[in-house]
Amino acid sequence: MGTSLIYRSAALYDAAMLVLYGRHYFSRYRAIAQLIPGGASVLDVCCGPGNLYTRYLSKKNVSYVGLDMNRGFIDGLRSVGVDARIRDLRTEEPLPDAGYVVMQASLYHFLPDAAPVIDRLLRAADRQVIIAEPITNLTTSRIGILAKLGRRLTDSGHGAEALRFTEETLDALFENYHCSVKTSFLIPGGREKIFVLEK
Ligand SMILES: C[S@@+](CC[C@H](N)C(=O)[O-])C[C@H]1O[C@@H](n2cnc3c(N)ncnc32)[C@H](O)[C@@H]1O
């Protein structure tokens, strides 16, 4: 199964995300970085090219570990001294512990049943799990060719995945975690919704 174009290099990923998020691209990372105190330990699962750390968290003196199944992204991070590890979250290997466990724009890769991965993130976190997930995207476009393009562009290597969240389906999933959810809100521009779960 081939990895899609946007997952083949950090520069291509950035360019595609800039087109998708426009002026709100940077605020998607800022919104998460603001939730993490200086000096915290952070596990970033499905970290991609690691922009959250290299552009934001590195300034906050956090200890950071990034996990992703994409060797290109991980090699890129390791080459600049970041603790990044190749890991396919579909395997049962236990996750490293951290105060704050983050997953951004990646929960859809675990559909149709994303609950087991949320449970694993909760087990790994000492303090909080922060999940940000897109609720609008090309794949839900009524224009067939755009929907198909969206699926192909975000193929992480498991094949073009048809399933994505809407705000309703995401809210319904986190309703099962209502005892843990401390807050939830949309990022500027409204393309992603953030859920903060407390231990
Ligand atoms: C849309 S990107 C998000 C990257 C980053 N979190 C961000 O917001 O910029 C999704 C990432 O999830 C990774 N991914 C998808 N399925 C995965 C799995 N089973 N295990 C580990 N990483 C996975 C992909 O390789 C890709 O880097």
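Taken over region 112-126, the criterion of being surrounded by 15 or more Cβ atoms within 10 Å (Cβ to Cβ) and either more than 15 Å from the ligand (Cβ to nearest atom) or not basic (Lys, Arg) (or both) is satisfied by Ala114, Val117, Ile118, Leu121, Leu122, Ala124, Ala125.
The condition of being over 29 Å from Asn176 (Cα atoms), out of contact with any strand residue (DSSP E or B) (no Cβ under 8 Å at 6 or more places or on another chain) and more than 9 Å from the ligand (Cβ to nearest atom) holds for only one of Ser79, Ser58, that being Ser79. Going through region 1-24 one residue at a time, which ones are assigned to a helix (DSSP H, G or I), within 11 Å of the ligand (Cβ to nearest atom) and under 18 Å from Leu77 (Cα atoms)? Selection gives Ile6, Tyr7, Ala10, Tyr13, Asp14. Just name the residue that is surrounded by the most Cβ atoms within 10 Å (Cβ to Cβ) out of those in region 25-39 that are more than 13 Å from the ligand (Cβ to nearest atom) and farther than 18 Å from Phe195 by Cβ. Here the answer is Pro37. Do we have any residue at all in region 90-103 that's assigned to a strand (DSSP E or B), within 11 Å of the ligand (Cβ to nearest atom) and either at pLDDT 95 or above or of a type outside the set (Ser, Thr, Tyr) (or both)? Taking every residue of region 90-103 in turn, at least one turns out to be assigned to a strand (DSSP E or B), within 11 Å of the ligand (Cβ to nearest atom) and either at pLDDT 95 or above or of a type outside the set (Ser, Thr, Tyr) (or both). Here Leu52 fits the description: part of a helix (DSSP H, G or I), within 14 Å of the ligand (Cβ to nearest atom) and buried (at least 19 other Cβ atoms within 10 Å of the Cβ).
The values are calculated or read from the model by the stated rules, or taken from the named source; none is laboratory data. Note that this is a predicted model, so its numbers are computed, not measured. Every residue, glycine as well, gets a Cβ built from its backbone with ideal geometry; the counts of neighbours run over all protein chains shown.
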